[in-house]
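The values are calculated or read from the model by the stated rules, or taken from the named source; none is laboratory data. Being a predicted model, the structure only gives us computed values, none of them experimental. As a convention, Cβ positions derive from the backbone with ideal geometry for all residues, glycine included, and neighbour counts pool all protein chains shown.
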Amino acid sequence: MSIERQLTVAPEVLAELHGLRGKVPELTGSLVATTDGLVLAHDIDGPEPDGVAALTAAALGVGARLAEATGQGAFQELLTRGEHGYIATYAVGASVVLTLFAGPDANVGLLHFEARRAGARIAEHTKAAPRRQSRP
């Protein structure tokens, strides 16, 4: 497991990423990045973090536009299911996202639960306020 610091990030952010592996058994990696694709911290063994952050930024843009265009409000979460597992991206404030990778047998409810909790803490550590979903 390689946890690396890409910029000056609170050690607590790295601890959150590391801790998620123990809380979500099927979790295979995690990444915190800015919404424009700059890696802040990661715990990824396989894919190249900079490429994943860039793809996350692109997916975030499409997800945000889709949510707005369909009247669902501001972007909160994006879940992609592939043949070999899940990729989930969560808004962690106005300019930071948390992306998680999980195997095909992952408990998606647990993944969401732990990601939302970790995201709130990461938002504090990155000095970003978590986005709240606006409801009528």
For this session: Might you let me know whether segment 109-120 holds any residue that is out of contact with any strand residue (DSSP E or B) (no Cβ under 8 Å at 6 or more places or on another chain), of a type in the set (Phe, Trp, Tyr) and over 15 Å from Leu14 (Cα atoms)?
Result: yes
Exercise. Would segment 40-48 turn up any residue that is surrounded by fewer than 20 Cβ atoms within 10 Å (Cβ to Cβ), within 15 Å of Ile87 (Cα to Cα), of a type in the set (D, E, K, R) and in contact with a strand residue (DSSP E or B) (Cβ under 9 Å, 6 or more places away or on another chain)?
Worked result: yes
Exercise. Give me the pairs: first residue in segment 12-27 and in a loop (DSSP other than H, G, I, E, B), second residue modelled with pLDDT of 95 or more, beta-carbon distance under 6 Å, and six or more apart or on different chains, which are they?
Worked result: Val24/Leu110; Val24/Leu111; Val24/Glu114; Glu26/Ala102; Glu26/Gly103; Glu26/Asp105; Glu26/Ala106
For this session: Identify all residues within segment 78-91 that are over 14 Å from Ala64 (Cβ atoms) and touching a Gly at 6+ places or on another chain (Cβ under 9 Å); write none if there are none.
Result: His84, Gly85, Tyr86
Problem set entry | For Leu31: the one exception among (1) in contact with a Pro (Cβ under 9 Å, 6 or more places away or on another chain); (2) part of a helix (DSSP H, G or I) | (2)
Seminar exercise, completed: Checking Ala74, Ala33 in turn, the sole residue that is loosely packed, with under 14 Cβ neighbours inside 10 Å, closer than 19 Å to Ala120 by Cα and in contact (Cβ under 8 Å) with a residue 60 or more places away in the chain turns out to be Ala74
